[in-house]
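The values are calculated or read from the model by the stated rules, or taken from the named source; none is laboratory data. Remember, predicted model here, so these are calculated numbers, not experimental data. Cβ sites come from the backbone with ideal geometry, for glycine too, and all protein chains shown count toward neighbours. Side chains included, ligands, DNA and RNA excluded: accessible areas come from the protein's heavy atoms. Shrake-Rupley method; radii C 1.70, N 1.55, O 1.52, S 1.80 Å.
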Amino acid sequence: MVFRFMTLERHIIDAERLHPEATGELSKLLSDLAIAIKVISLQVNKAGLVDILGMTGDKNVHGESVRKLDMFAHDMVFRAIDHGGHLCIMASEEEEDIIHIPTDFKIGKYVLLFDPMDGSSNIDVNISIGTIFSIYRRVSPDGTPGTMEDCLQQGLEQIAAGYVVYGSSTMLVYTTGHGVHGFTLDPALGEFILSHEDMQIPQKGKIYSINEGNHNYWDTGLKNYIKYLQDEDSKTERPYSSRYVGSMVADIHRTLIYGGIYMYPSDSKSPKGKLRLMYECNPMSFIVEAAGGRATNGQKRILEIQPENLHQRTPIFIGSKEDVLKVEEFINNSGKTNS
Ligand code: AHM
Ligand code: MG
């Protein structure tokens, strides 16, 4: 047996070698990001030991309570990347406005959007949380400060996206659009090691994931779909199992590996859904599609939505192709719109 030991850094460099036009800048950007993630992971692991738990007392731009770990993760990503010379602009779920690169640093050609700490309601109860990131090439002229237009690009324009699950181990999953690869952090070495090469989502699963507490607010089409999943039919492997962590990263990571569907729909309480297009839905859709899955808002492919503002929300149905096609069938048959 040949012993293979592929670190994240080596993997990124090898992948860039396949593209002779590549300058190596994206590799360096991802490596900087990996450093921030290692520091966040360390902090997450000792969260119960230091005075990092609990609220900061502030509200973020969505009016939600901000926990200390959210801010720590936000600052860490910013500080690991602002001076690298690769970015022209950043935007974070924790900041209302776009984040400029300090004027004393070189301005690069990439744009970074990130959710520093997703699933933050799970921090205090030791349940998996995550970080999500999305990288675009700038559309404004090189050498000038980045603009809002650089950030508000369709998800289709992403050149890389990834997420990190801080779970029983820390895993980073990323894609540059061709192939999705997963790396597990070896805490002793401090290195991400390739553990899941070329991840492919099953075409159909047996698990659905949705906050069922919102059942009364759902449209008829969605209610019928969930009822369909719960009905017995051995040919289509129903009833499905239900799993809901309440951290999008963890729920989608499971969906990517086991197959099935994750949903955060619009409903009468949240007509636009809950999750953010730019920080959560676009990167996760880019990854799931690159693994052979599907992601829609019910009417339209998530990656084709034209963003209008940084923090806009969207309904999302994401996962195995056959499962997402099935929910679309139910939603569209109910005669209701979902966007
Ligand atoms: P957050 O970014 O404030 O943590 O919110 C996003 C999270 C997702 O990770 C998760 O899927 C969803 O909110 C859970 O919401 P709910 O508690 O309404 O089911
Ligand atoms: Mg989030």
From the options 170, 144, residue that is of a type in the set (Ser, Thr, Tyr) and at pLDDT 95 or above | 170
Given the structure, is residue 120 open to solvent by 10 Å² or more (accessible area, probe 1.4 Å) and within 16 Å of ligand 2 (Cβ to nearest atom)?
-> yes
Kindly provide the set of residues from the stretch 242-265 that are in contact with a Leu (Cβ under 9 Å, 6 or more places away or on another chain) and either within 15 Å of ligand 2 (Cβ to nearest atom) or open to solvent by less than 50 Å² (accessible area, probe 1.4 Å) (or both), ordered by number.
-> 248, 261, 263, 264, 265
Tell me, which residue of the stretch 201-229 that is over 18 Å from residue 255 (Cα atoms) and without any contact (Cβ under 8 Å) to a residue 24 or more places away in the chain is nearest to ligand 1 (Cβ to nearest atom)?
-> 213
Looking at the stretch 303-313, is at least one residue acidic (Asp, Glu), within 16 Å of ligand 2 (Cβ to nearest atom), within 17 Å of the chain's Cα centre (by Cα) and not assigned by TED's automatic domain parsing to the domain that holds residue 95?
-> no
Give the number of residues within the stretch 106-130 that are of a type outside the set (A, V, I, L, M) and part of a loop (DSSP other than H, G, I, E, B).
-> 6
Only residues in the stretch 156-180 that are on the phi > 0 side of the Ramachandran plot and open to solvent by 10 Å² or more (accessible area, probe 1.4 Å) count as the first member; pair them with residues that are part of a strand (DSSP E or B) and among the hydrophobic types (A, V, I, L, M, F, W, C), Cβ under 8 angstrom, at least 6 apart or cross-chain, and list the lot.
-> 177/159; 177/160
Reported set for the stretch 69-117 where residues are within 16 Å of ligand 1 (Cβ to nearest atom), of a type outside the set (A, V, I, L, M, F, W, C) and crowded, with 20+ Cβ neighbours inside 10 Å is 70, 74, 92, 93, 94, 115, 116
Listed by first then second residue, the pairs whose first member lies in the stretch 272-283 and is farther than 12 Å from residue 113 by Cα and of a type in the set (Gly, Ala, Ser), whose partner is within 12 Å of ligand 1 (Cβ to nearest atom) and in a strand (DSSP E or B), with beta carbons under 6 Å and at least 6 positions apart or on separate chains, are 273/264; 273/313
What is the residue count in the stretch 131-188 for residues that are of a type in the set (D, E, K, R) and part of a loop (DSSP other than H, G, I, E, B)?
-> 2
Within the stretch 229-241, can you find the residues that are of a type outside the set (S, T, N, Q), part of a helix (DSSP H, G or I) and open to solvent by less than 50 Å² (accessible area, probe 1.4 Å)?
-> 229
Report whether or not residue 254 is in the same structural domain as residue 316 (by TED's automatic domain parsing) and under 22 Å from residue 148 (Cβ atoms).
-> no
Among the residues of the stretch 125-136, is any within 16 Å of ligand 2 (Cβ to nearest atom), open to solvent by 10 Å² or more (accessible area, probe 1.4 Å), under 27 Å from residue 168 (Cα atoms) and touching a residue at least 40 places away in the same chain (Cβ under 8 Å)?
-> yes
Of (1) away from ligand 1 (no atom under 14 Å from the Cβ); (2) out of contact with any His (no Cβ under 7 Å at 6 or more places or on another chain), residue 198 fails just (2)
Taking only the stretch 272-299 into account, find how many residues are open to solvent by 10 Å² or more (accessible area, probe 1.4 Å), in a helix (DSSP H, G or I) and of a type outside the set (Gly, Ala, Ser).
-> 2
Quick one: would you say residue 201 is crowded, with 23+ Cβ neighbours inside 10 Å, over 20 Å from residue 30 (Cβ atoms) and within 16 Å of ligand 2 (Cβ to nearest atom)?
-> no
Can you name the condition, by its number, that residue 45 falls short on among (1) within 18 Å of residue 280 (Cα to Cα); (2) at pLDDT below 95; (3) open to solvent by 60 Å² or more (accessible area, probe 1.4 Å)?
-> (1)
Scan the stretch 300-339 for residues that are at pLDDT 95 or above, polar (S, T, N, Q) and surrounded by fewer than 23 Cβ atoms within 10 Å (Cβ to Cβ) and report the count.
-> 3
